[in-house]
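Read through the structure below, which is laid out as structure tokens, and then see the notes.
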Amino acid sequence: MNARTWLLMLVLAAFPAAAAEVAGVKIDDKTRVANAELALNGAGLRKRVFFQVYAIGLYLPQKSSTPAAILEQPGPKRIAIHMLRDVSADDFTAALADGIRANHSEAEAKALEPRVKELGAIMAELKEAKKGMAIALDWQPPGGTVMLVNGAARGKPIQGEDFYRALLRIWVGDKPVQDDLKKALLGG
Amino acid sequence: MLLLLALPVQAAELEGVTLEDRIRVDGQELLLNGIKLRTRVIFKVYVAGALLGQNAEHGGPLYER
């Protein structure tokens with residue numbers, strides 16, 4: 001350490017460093033790395049913000065505690081979604097499509113894609129899944145998957161029980177959108 | 001039957017949303033299997049970086065910015 005560095009250190013020691021404070025944590029305005037003085041460029045907080053998107057309930061003819069029992073169970077079913085915030089039709093459909101892709105092979109997802117688009121088209125007519133809206137995705141055999149908004153059916157039924165099973169897997173599949181949500185829909 | 005009528009409808013409640021324990025779809029009675037909130041997490045990340053200043057030994061900037 002040479003004399004100049006000592007002098008600099010003395011000067012630095014004499015003037016307490018100004019510091020930024022973030023959430024009670026002090027971050028010095030200056031620091032030294034490899035004998036170079038560095039100035040703090042910015043400081044901030046990494047925040048996790050939770051927000052509620054919707055409440056969801058699953059209705060079945062008979063209560064079931066495993067995904068397989070739910071998927072294999074014959075008869076009508078309902079996925080009841082109650083929106084707790086506004087979600088655009090695009091975001092809503094994209095979230096469903098992501099959930100289906102996560103739980104299916106590429107080939108399966110491709111086979112389901114036209115029907116995801118059918119559902120997307122019904123959503124697009126709504127423009128938005130608005131806060132307070134009750135959206136039901138029903139399996140109504142033999143007609144198909146029916147989407148209801150506040151109790152009124154929208155669009156045409158979407159064919160194929162494989163599509164309804166794919167929808168169920170978004171929430172109770174191997175890769176559910178939310179683990180604790182899957183658990184709750186299986187009856188806790 | 002009378003007993004059933006006398007009992008209030010059971011329902012699950014979550015964040016002000018009430019879902020009945022039983023509903024009818026396509027003429028068939030369905031039971032509520034479970035109810036849950038879908039929540040999302042947003043990470044707000046602020047950049048915390050350091051600007052290179054003067055190098056005390058060499059008296060000049062390490063990098064031209």
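I'd like to know if the stretch A:105-113 contains one or more residues that are at negative phi, of a type in the set (S, T, N, Q) and surrounded by fewer than 19 Cβ atoms within 10 Å (Cβ to Cβ).
yes
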Inset, instruction - Residues being away from chain B (no Cβ under 11 Å) and small (Gly, Ala, Ser): count how many of those fall in the stretch A:136-150. - result: 1
Inset, instruction - Could you check the stretch A:96-188 for helices (runs of 4 or more DSSP H) lying wholly inside it with 1 or more residues that are more than 17 Å from the chain's Cα centre (by Cα) and closer than 23 Å to B:Glu29 by Cα? - result: A:161-172
Legend entry - A:Gln52 being more than 30 Å from A:Gly160 (Cα to Cα) and either within 10 Å of chain B (Cβ to nearest Cβ) or modelled with pLDDT of 95 or more (or both): yes
Legend entry - Residue within the stretch A:159-173 that is of a type outside the set (Ser, Thr, Tyr) and closer than 16 Å to A:His82 by Cβ present: yes
Legend entry - Boolean, A:Ser65 is touching a Gly at 6+ places or on another chain (Cβ under 7 Å), small (Gly, Ala, Ser) and surrounded by fewer than 19 Cβ atoms within 10 Å (Cβ to Cβ): yes
Inset, instruction - Can you tell me which residue within the stretch A:130-176, out of those that are charged (D, E, K, R) and over 14 Å from A:Pro74 (Cα atoms), is surrounded by the fewest Cβ atoms within 10 Å (Cβ to Cβ)? - result: A:Asp174
Inset, instruction - Within the stretch A:114-129, track down each residue that is surrounded by fewer than 13 Cβ atoms within 10 Å (Cβ to Cβ) and either farther than 21 Å from A:Gln159 by Cβ or in contact with a strand residue (DSSP E or B) (Cβ under 6 Å, 6 or more places away or on another chain) (or both). - result: A:Lys127
Inset, instruction - Starting from the stretch A:139-164, take each residue that is of a type in the set (D, E, K, R) and list its partners that are not in a loop (DSSP other than H, G, I, E, B), counting only C-beta distances under 6 angstrom and pairs at least six apart or across chains. - result: A:Arg154/A:Ile122; A:Arg154/A:Met147
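Say whether the condition of being more than 7 Å from chain A (Cβ to nearest Cβ) and either buried (at least 16 other Cβ atoms within 10 Å of the Cβ) or modelled with pLDDT under 60 (or both) is met by at least one residue in the stretch B:43-58.
Yes, that holds for at least one residue.
The values are calculated or read from the model by the stated rules, or taken from the named source; none is laboratory data. A quick note: this is a predicted structure, and the numbers were derived from the prediction, not measured. Glycine gets a Cβ as well: all are built from the backbone with ideal geometry, and neighbour counts include every protein chain shown.
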